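Chemist: Structure below; questions to follow.
The values are calculated or read from the model by the stated rules, or taken from the named source; none is laboratory data. Just so it is clear, the structure is predicted and the values come from calculations on it, not from any experiment. When we count neighbours, we look across all protein chains shown, and the Cβ atoms used for this are built from the backbone with ideal geometry, even at glycine. Accessible surface areas use protein heavy atoms only, side chains included; no ligands, DNA or RNA. Shrake-Rupley method; radii C 1.70, N 1.55, O 1.52, S 1.80 Å.
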Amino acid sequence: MLSRALRLIAMLLLIADAVLAAEVVRRWAPLAQDGVHDPKSPALKLLQEPREALSALPPVAGGNQVDWVQAIEQGRINPRTNIFPETRVRLLESDVLLNLRGSTPIVRFPHRPHTLWLDCGNCHEHLFKSRAGANKLSMDAMLQGEQCGVCHGAVSFPLTECNRCHSVPRAKPAQGKAR
Amino acid sequence: MSRKTMTRRRLIRICVTLAFALAAFPAPAEYADVVLNKRSEKEGVRPVVFSHWFHRIRFRCKVCHFELGFKMRAGANDVLMADIIDGKFCGMCHNNNIAWGADRCDLCHSGRPGLKSGIYGGHQTLGPGRW
């Protein structure tokens, strides 16, 4: 009897959680109440509201609550790639595995979603050297707004979304080892 | 019903209420909103609110941060109205051709008076970083 009641509560909680995650948590403050726009500004009658634009785009936790890469991949948006006709629009598909000897899951850095948005020159060579293993990466530096943290944490998905980068589990034997 | 279940139920009820209460408050500014107020208020206009989400739907990062040369650090770009009118920085698009022109002051200068320049917005990360 007791366990059945508990199971029911757990189920209701799961449903409530799913509802919260799907509906209630995806909220965008109206411009007039977002704390940065002046409610008295005449622009508020003309500017697009975040809800109007963002609620139609693929959902994700954190940031604008929009999976911006999927928004392009699914063809929901097709933002301009260049203003000057002579600009070369470059796309790179290769993945790079990072953090191979760390204790957290391995990082898979995919060039494709990054080059869908950015040019090679936005990161190379001043932020990251192109040779694998040549960059000494540190979460501490990223949290200070350096390396990946130039964008992640400020404009692209936040650093609290650990698993989106640390996405490759390590081989079993490494776990279970005494520390 | 045992005491343990009662406490557990009470706890769950508190959690759910808290979750709904939190969800009822609208988030602050949209993630990656940038306020520019190095000169605006000194010149007698409202600060500028630049919304990354609004621009990102229409342009990829590389257009402004590669082609137009906007540095990726709040405060690192010295944006002058004279340059914008000359077609530099925002003026690359805000020219009454691609987007509204520099004569529509209020549309960009729409920020709350007194705001400091920098990155605003909810949904994390607001850590120790220098954005």
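Chemist: Scan the range A:61-101 residue by residue and report those that are without any contact (Cβ under 8 Å) to a residue 12 or more places away in the chain, within 25 Å of B:H123 (Cα to Cα) and crowded, with 16+ Cβ neighbours inside 10 Å.
Modeler: A:D67, A:P79
Chemist: What number goes with the only condition from (1) more than 8 Å from chain B (Cβ to nearest Cβ); (2) over 23 Å from A:R90 (Cβ atoms) that A:T160 does not pass?
Modeler: For A:T160, the failing item is (1).
Chemist: Here is a follow-up. Would you be able to tell me the number of residues in the range A:60-104 that are away from every other protein chain (no Cβ under 14 Å) and part of a loop (DSSP other than H, G, I, E, B)? First the steps, then the outcome.
Modeler: First pass over the range A:60-104, keeping only residues away from every other protein chain (no Cβ under 14 Å): A:93-104.
Add one more test, that the residue is part of a loop (DSSP other than H, G, I, E, B), and what stays is A:93-94, A:99-104.
Going through the range A:60-104 one residue at a time, the tally reaches 8.
Chemist: So, in the range A:41-55, exactly how many residues are open to solvent by 10 Å² or more (accessible area, probe 1.4 Å) and in contact with a helix residue (DSSP H, G or I) (Cβ under 9 Å, 6 or more places away or on another chain)? Please lay out each step first, then the result.
Modeler: Residues of the range A:41-55 open to solvent by 10 Å² or more (accessible area, probe 1.4 Å): A:42, A:44-49, A:51-53, A:55.
Adding the requirement that they be in contact with a helix residue (DSSP H, G or I) (Cβ under 9 Å, 6 or more places away or on another chain) leaves A:42, A:44, A:46-49, A:53.
Here the count works out to 7.
Chemist: Among the residues of the range B:77-111, write down those that are open to solvent by less than 40 Å² (accessible area, probe 1.4 Å) and more than 9 Å from chain A (Cβ to nearest Cβ).
Modeler: B:N77, B:V79, B:D83, B:I84, B:G87, B:G91, B:H94, B:A99, B:G101, B:A102
Chemist: Mind listing whichever residues of the range B:35-76 are open to solvent by 50 Å² or more (accessible area, probe 1.4 Å) and among the aromatic types (F, W, Y)?
Modeler: B:F50, B:F66 - these are the residues of the range B:35-76 that are open to solvent by 50 Å² or more (accessible area, probe 1.4 Å) and among the aromatic types (F, W, Y).
Chemist: Checking B:H94 against (1) at pLDDT 95 or above; (2) out of contact with any helix residue (DSSP H, G or I) (no Cβ under 9 Å at 6 or more places or on another chain), which test does it fail?
Modeler: Every condition holds for B:H94 apart from (2).
Chemist: In the range A:105-119, which residues are in a strand (DSSP E or B) and open to solvent by 30 Å² or more (accessible area, probe 1.4 Å)?
Modeler: Across the range A:105-119, the qualifying residues are A:R108, A:F109.
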